[in-house]
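Chemist: Take this structure, written in structure tokens, and hold onto it; I'll ask about it next.
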Amino acid sequence: TEIYTLSLHDALPISLYARISDDRGTEAQGVERQLEDCRALAADCGWLDLEEYRDDGYSASMYASRPRPAYTRLLADVRAGKVGRIVVWNVDRLYRRPAELEELVTLLTTGLDVEVVAVRSGSLDLNTASGRLAARTFASMGAYEADATSMRVTREKDARRAKGLPHGG
């Protein structure tokens, strides 16, 4: 992970965002582990003014049936100019749908200067063509993974249903 120097992004609060779709039986430990790593990166970089956004139990895939409240609040804060940098554990925690990424890109290319930093994949500058290309590539991979997971789960439910076993609806 790179260590960053003071920049314009540091004048505004640093937003830590964590999300996990399903964290059964672990009392939100998946989200907490993500935030621990984000806090550690922030500390290493000397970023002090931190605001945390948590979506525990919320999917970001196209199959999600409910909006992510913390993500919605984060975007509202970005629109209001209250965010200088978004730190996530991995970019697929922030967005998995290409349409969500494009919404974020649109926000950031209309004069808002917000950096996205991922603990696992580094910084993405959505204000540059190369940064948007990298982000779109990650979003496509995330969408693929969500589709593949959905197909596996559907197949398992179909098999359980055919055997007369509980299949989760």
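The values are calculated or read from the model by the stated rules, or taken from the named source; none is laboratory data. What you are looking at is a predicted structure, and each value in this text was computed from that prediction instead of being measured. Ideal geometry is used to build each Cβ from the backbone, glycine not excepted, and the neighbour counts take in all protein chains shown. Accessible surface areas use protein heavy atoms only, side chains included; no ligands, DNA or RNA. Shrake-Rupley method; radii C 1.70, N 1.55, O 1.52, S 1.80 Å.
Chemist: Against the conditions (1) farther than 14 Å from residue 15 by Cβ; (2) at pLDDT 85 or above; (3) buried (at least 18 other Cβ atoms within 10 Å of the Cβ), where does residue 83 fall short? Just the number, please.
Modeler: (1)
Chemist: Starting from the stretch 97-126, keep only residues that are among the small types (Gly, Ala, Ser) and modelled with pLDDT of 85 or more, then list their pairs with residues that are in a loop (DSSP other than H, G, I, E, B) and open to solvent by 20 Å² or more (accessible area, probe 1.4 Å) whose Cβ atoms are within a distance under 6 Å, requiring at least 6 positions of separation or different chains.
Modeler: As it stands, the answer is 118/90, since those pairs meet every condition given.
Chemist: Further question: Within the stretch 68-115, take every residue that is assigned to a loop (DSSP other than H, G, I, E, B) and basic (Lys, Arg) and give me the one that is farthest from residue 40 (Cα to Cα).
Modeler: The extreme case among them is 97.
Chemist: Can you name the number of the only condition in (1) without any contact (Cβ under 8 Å) to a residue 40 or more places away in the chain; (2) open to solvent by 70 Å² or more (accessible area, probe 1.4 Å); (3) outside any helix (DSSP H, G or I) that residue 152 fails?
Modeler: (3)
Chemist: Do we find a residue being open to solvent by 40 Å² or more (accessible area, probe 1.4 Å), assigned to a helix (DSSP H, G or I) and more than 22 Å from residue 36 (Cα to Cα) anywhere in the stretch 117-126?
Modeler: The answer is no; no qualifying residue exists.
Chemist: Here is a follow-up. Among the residues that make up the stretch 136-145, is at least one of them surrounded by 14 or more Cβ atoms within 10 Å (Cβ to Cβ), over 18 Å from residue 16 (Cβ atoms) and touching a strand residue (DSSP E or B) at 6+ places or on another chain (Cβ under 6 Å)?
Modeler: no
Chemist: Still on this structure, I have one more. Residue under question is residue 32, and the condition is that it be on the phi < 0 side of the Ramachandran plot and either open to solvent by less than 60 Å² (accessible area, probe 1.4 Å) or among the aliphatic types (A, V, I, L, M) (or both); does it hold?
Modeler: Answer is yes for this residue.
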